[in-house]
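To start, the structure itself, in structure tokens.
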Amino acid sequence: MVATDVPGEHGALGALAGWLLIQCRPAQAGIAAEVAAAYDAGLVLTGKEPEPAVRGLRRAGFTGPVLCDADRYSGPGRRNASRGIRPGWCRRQQDLGLVALTDSGYLEARDLQGLRTILRAAARQPPPVLAMLPLAARWFATTAVVGALVREIGVHGVPVAVAIESRGDPFAVQYVVRNFLHLLRESPVPVVLLRSDVGALGALCHGALAAAIGTVSALRHLYPVIRGQGGRVPRGAAFVTPLLAYHALDTLDEAIGALPESDHLWRCECPVCDGRTPAALAGLPDETAAAFRHSLHAQFRLRADLLRPKATREALASTWHEHCSHALSLHQELAGRLPHRRPPAALASWLAASTDPIRDGAPIPRQEAPTAARPPSRPQDSPKNLARD
């Protein structure tokens, strides 16, 4: 892959430019790396002890970029942003030859002091470094609030990686989409999106430096901490490209069967499905592993479709808008035949909160547009309060 240049003092981050990353646990690194290597992609290893996995990947010949996410911001024992970062964590990553990702704590909405604590400490670390910002969704509630975020990022001048807390898909809320795009458009430094699902592709199309899709639901989302409630067991799900969404395996056959005239859309040519529909993954002995491998292959192939070489920034945003529109139309057809189904809110949010810059002449983010991945020939397997601060 030809990386997009990142100008100025952030040039070392050019190795990440335009990359779709796979976010996984160190125990999944081997399988994730097989898929990543087939598409010239990178990894985000999420866990406290990433060194053995990183060394193992390099010994095995994996040369793609690797980020290490300490994940101190999620779960019942999560740390608050006021706890700062540990310089030793950054050194450990740089000793491995990696771009350092800070081990920041969780940033509650409008916690400007916590934000400054992270950014100030990150700016003192030897580059290259990314300041990890695990943000409550309310950071994107208004233009004034996200504007304060952009100003603080500009003051400290450190590239950032963001994850957005939400009970579901954060991009299912229009104000999050609208003001996340404001962040991409106005940020004076590169922005990376972590812990996402297909929204990662939307972020790339709108100018994010890089973006990561998680292998499992817990790594595709940053869930809020809900005290006194037990966790639910996630259902097996697979990504369905025409729908731009994950779908539970146990009901996917019903959904596909509801639109027999669209049979050609459902068949997948990835190495896992081999021309079958993803519904065939249900009931396999290794159903979960097969579903996550299929989903990654499908999303990387979609990335190659979306991010064409030499495409203008307007064309990238327009193509994403068109894909969302087509997917929403299919969901609406399904809902007409299966009344219990609802189209995912994220598709409507992307369409309502953004525009097609080619058809509508809307402004687009200023960040450098990413280049397309090289497809493999044979894939492997209130403002007053802010002012007072």
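The values are calculated or read from the model by the stated rules, or taken from the named source; none is laboratory data. Being a predicted model, the structure only gives us computed values, none of them experimental. Glycine gets a Cβ as well: all are built from the backbone with ideal geometry, and neighbour counts include every protein chain shown. The area values use the complete protein model at the heavy-atom level, side chains included, leaving out ligands, DNA and RNA. Shrake-Rupley method; radii C 1.70, N 1.55, O 1.52, S 1.80 Å.
Observations
- Whole-percent carbon and sulfur share, accessible surface of the chain, 1.4 Å: 51
- Net length gained if the chain between R116 and V225 were fully extended (0.36 nm per residue, minus Cα distance): 36.9 nm
- Our helix-only sum for the chain, with -39,500 (n - 2.57) per DSSP H run of n ≥ 4 divided by its residues, gives a mean residue ellipticity at 222 nm of -12000 deg cm²/dmol.
- Sorted peptide list for 148-156, 187-195, 214-222, criterion being average Cβ within 10 angstrom, highest first: 187-195, 214-222, 148-156
- Approximate spin-label separation Q94-R342, in nm, with each point projected 7 Å along Cα-to-Cβ: 4.8
- Positive minus negative residues near V54 (Lys, Arg vs Asp, Glu; Cβ under 11 Å): +1
- Of [x] 5, 23, 30, 23, 12, 5, 1, 0; [y] 5, 21, 31, 29, 13, 1; [z] 5, 24, 35, 26, 9, 1, the label for P(r) over Cα pairs in 10 Å bins from 0, in percent derived from the coordinates: [z]
- Per residue solvent-accessible surface (Å²) - the chain, probe of 1.4 Å: 42
- Simple spin-label estimate for S262 and A304 in nanometres, 7 Å along Cα-Cβ: 2.4
- One chain, two ends: A248 and R55. Fully extended at 0.36 nm per residue, the span grows by 66.0 nm beyond their Cα-Cα distance.
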